[in-house]
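Enquirer: Below is one structure. I have some questions about it.
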Amino acid sequence: MTATSSLAEPFNLIAGEHRRAASGRTFESRNPARHDEVVGVFPESSAADVDAAVAAAQRALPGWRSTPWPRRGEIILAAATIMEQRKEELAQLMTREMGKVLTEARGDVQEAIDMGKFIAGEGRRAFGETVPSELRNKWAMTMRQPLGVVGCVTPWNFPIAIPSWKIFPAVMAGNTVVFKPAEDTPLCALRFVEILEEAGLPGGVINVVFGAEEAGDAVVRHPGTAAIFFTGSADTGRLIAATCGSMLKKVSLELGGKNGIVVLSDADLELAVEGALWGAFGTAGQRCTASSRLIVERSVLADFTDAFVARARALRLGDGLVDGVDVGPVINETQLRRIHGYTEIGIDEGAELLTGGTVAGEGELSRGFFYTPTVFAGVSPSMRIAQEEIFGPTVAILAVDSLDEALATANSTQFGLSLSLYTNDLRHAFRAIHELESGIVYVNAPTIGAEIQLPFGGTKNTGNGHREAGGHVLDEFSEWKSIYIDYSGRLQRAQIDTNAP
Ligand code: ADP
């Protein structure tokens, strides 16, 4: 498959075959840096297409779940190896389709490669437990079972990494998948699945239905999907949780963040400025872990702010494929307007706009959706720009007078994904590690930069308690079966015959 084939023939990938959507409708994926460039045309799927995808996944399930774990692991490892060989091509495609600068796109692909290699090892691990029985001549042990057909619904900001976090462990555990990728990055998703099939994944193990809310909703509601793995906005997450709750369907939600970096007066200020810059403006702020609040001790506030604003002003906006560009476009026009809406909200709330706050429409930039790196100072914790996820290159500076106030301010949002503290005092670092209310804590690093061998996820409204990646990831994608084997040849009653000779 090449990019042009998806331009010529919009298809879903169901049972290993190309299928047009039942509705016949299509949508375009366009380059956010050059909106006149169409990257691909895809089918606008609806419930009928999801029905076909679920049916294909159900047909593939018996064969796949009985495929030995080590063989499943080998296929995933082969996929990771192909991705490694094609890393540059995938990264360039990602920059064209999603907009993040090429170095970051390479990082996104690398994360999927890392995840593939990590999870492939489970093929020869996936340990269960063997424990003593309370009865003689009785064996007690556990083993993992797949959940069945699982639905994966993903966002556009990590177009390959996030699908890999869900799909690699899902298929490793013997599940089959219906995958509804984000409507802004369908070609990245298609390439990812094609690579898995090239690596030897049988047709039907992953079925891709393209489209938007209608398709996603159909995946969630389908009685044939046993579990839903979702990353996206808190609003959509709430809807999905309600549907899954009423159906008693397992659901893993990875939602928003409003992540803060605390900068104490004893911190290495230059390091903190550099970290905050990367955390706030990397991926144009379009990460659920983006550092959107900078909580700075007043004694270093002026120095920090001056240095930070100077560095923010110097960032170069542009097409992420061009050398020297620091910040790419935001994903689409709706998002561009939403980000600018928050600038107006910040000004109305009385925050001080120090730099940015404009749509960047000069010259080449007028072809895409660019927003200038935006810094607000004088922000109080209750302002909307300090509370709501903006998902753009907008950051709020909040002043505090003590470590206590800093930690309380960092915790004062509905979300709990990632928080960070810059300090050179070990005592402060350990207090923060214990008291910050988030799934991820960084010391002397910004709120972005998770590695796949540790659990990823958040507390409070960031999700519903699930974690992706990390050494326990299979717990999310499998169920335990407890097995008792009585070889005594007679009836032995647990809790009753336990003291019998
Ligand atoms: P984002 O702000 O990241 O686009 P969304 O929550 O809108 O977040 O979208 C994340 C994913 O969820 C996308 O694949 C989108 O198509 C899908 N989606 C949107 N609405 C629904 C819904 N009601 N049910 C299921 N999936 C949905």
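Enquirer: With touching a Lys or Arg at 6+ places or on another chain (Cβ under 8 Å), in the same structural domain as Ala170 (by TED's automatic domain parsing) and either open to solvent by 10 Å² or more (accessible area, probe 1.4 Å) or not in a loop (DSSP other than H, G, I, E, B) (or both) as the only criterion, which of Gly73, Gly63 stands out?
Expert: Gly73
Enquirer: Mind checking which residues of the range 466-501 are more than 15 Å from the chain's Cα centre (by Cα) and of a type in the set (Gly, Ala, Ser)?
Expert: Gly471, Ser478, Ser482, Ser488, Gly489, Ala494, Ala500
Enquirer: Count, please, the residues in the range 176-218 that happen to be open to solvent by less than 30 Å² (accessible area, probe 1.4 Å) and either touching a Pro at 6+ places or on another chain (Cβ under 8 Å) or of a type outside the set (Gly, Ala, Ser) (or both).
Expert: Going through the range 176-218 one residue at a time, the tally reaches 26.
Enquirer: If Pro163 satisfies every condition in (1) within 22 Å of Ala227 (Cβ to Cβ); (2) not in a helix (DSSP H, G or I) but one, which is the exception?
Expert: (2)
Enquirer: Something else: Here is a check on your reading of the model: is Thr243 polar (S, T, N, Q) and either assigned by TED's automatic domain parsing to the domain that holds Ile433 or in a helix (DSSP H, G or I) (or both)?
Expert: When the stated conditions are applied, Thr243 passes them.
Enquirer: Just to be sure, is Ala408 under 25 Å from Ala432 (Cβ atoms), in the same structural domain as Val300 (by TED's automatic domain parsing) and open to solvent by 30 Å² or more (accessible area, probe 1.4 Å)?
Expert: So Ala408 passes the test.
Enquirer: Failed condition for Phe179, given (1) free of Cβ contacts under 8 Å to residues at least 60 places away in the same chain; (2) within 19 Å of His18 (Cα to Cα); (3) in a helix (DSSP H, G or I), with all others met?
Expert: Failed condition: (3).
Enquirer: May I ask you to say which residue of Val359, Val322 is open to solvent by 20 Å² or more (accessible area, probe 1.4 Å), of a type in the set (Val, Ile, Thr), out of contact with any strand residue (DSSP E or B) (no Cβ under 7 Å at 6 or more places or on another chain) and away from the ligand (no atom under 16 Å from the Cβ)?
Expert: The unique qualifying residue is Val322.
Enquirer: Let me ask something additional. Specify the residue that is least open to solvent (accessible area, probe 1.4 Å); the eligible residues are those in the range 338-356 that are closer than 21 Å to Lys100 by Cβ and in a helix (DSSP H, G or I).
Expert: Here the answer is Ile339.
Enquirer: Then there's this: Among the residues of the range 279-319, which ones are out of contact with any strand residue (DSSP E or B) (no Cβ under 6 Å at 6 or more places or on another chain), part of a helix (DSSP H, G or I), open to solvent by less than 10 Å² (accessible area, probe 1.4 Å) and among the small types (Gly, Ala, Ser)?
Expert: Residues satisfying the conditions are Gly282, Gly285.
Enquirer: Identify all residues within the range 80-136 that are of a type in the set (D, E, K, R) and either without any contact (Cβ under 8 Å) to a residue 40 or more places away in the chain or on the phi > 0 side of the Ramachandran plot (or both); write none if there are none.
Expert: Glu84, Lys87, Glu88, Glu89, Arg106, Arg125, Glu129, listed by residue number.
Enquirer: So, of the residues in the range 234-258 that are free of Cβ contacts under 8 Å to residues at least 40 places away in the same chain and under 20 Å from Gln387 (Cβ atoms), which turns out to be surrounded by the most Cβ atoms within 10 Å (Cβ to Cβ)?
Expert: Here the residue is Thr236.
Enquirer: Moving on. Please indicate, with yes or no, whether at least one residue in the range 262-278 is within 16 Å of the ligand (Cβ to nearest atom) and either surrounded by 22 or more Cβ atoms within 10 Å (Cβ to Cβ) or more than 16 Å from the chain's Cα centre (by Cα) (or both).
Expert: Within the range 262-278, not a single residue is within 16 Å of the ligand (Cβ to nearest atom) and either surrounded by 22 or more Cβ atoms within 10 Å (Cβ to Cβ) or more than 16 Å from the chain's Cα centre (by Cα) (or both).
The values are calculated or read from the model by the stated rules, or taken from the named source; none is laboratory data. These numbers come from a predicted model, not from an experiment. Methodologically, a virtual Cβ is constructed for each residue, glycine included, from the backbone with ideal geometry; neighbour enumeration extends over all protein chains shown. Only protein heavy atoms, including side chains, enter the accessible area calculation; ligands, DNA and RNA are left aside. Shrake-Rupley method; radii C 1.70, N 1.55, O 1.52, S 1.80 Å.
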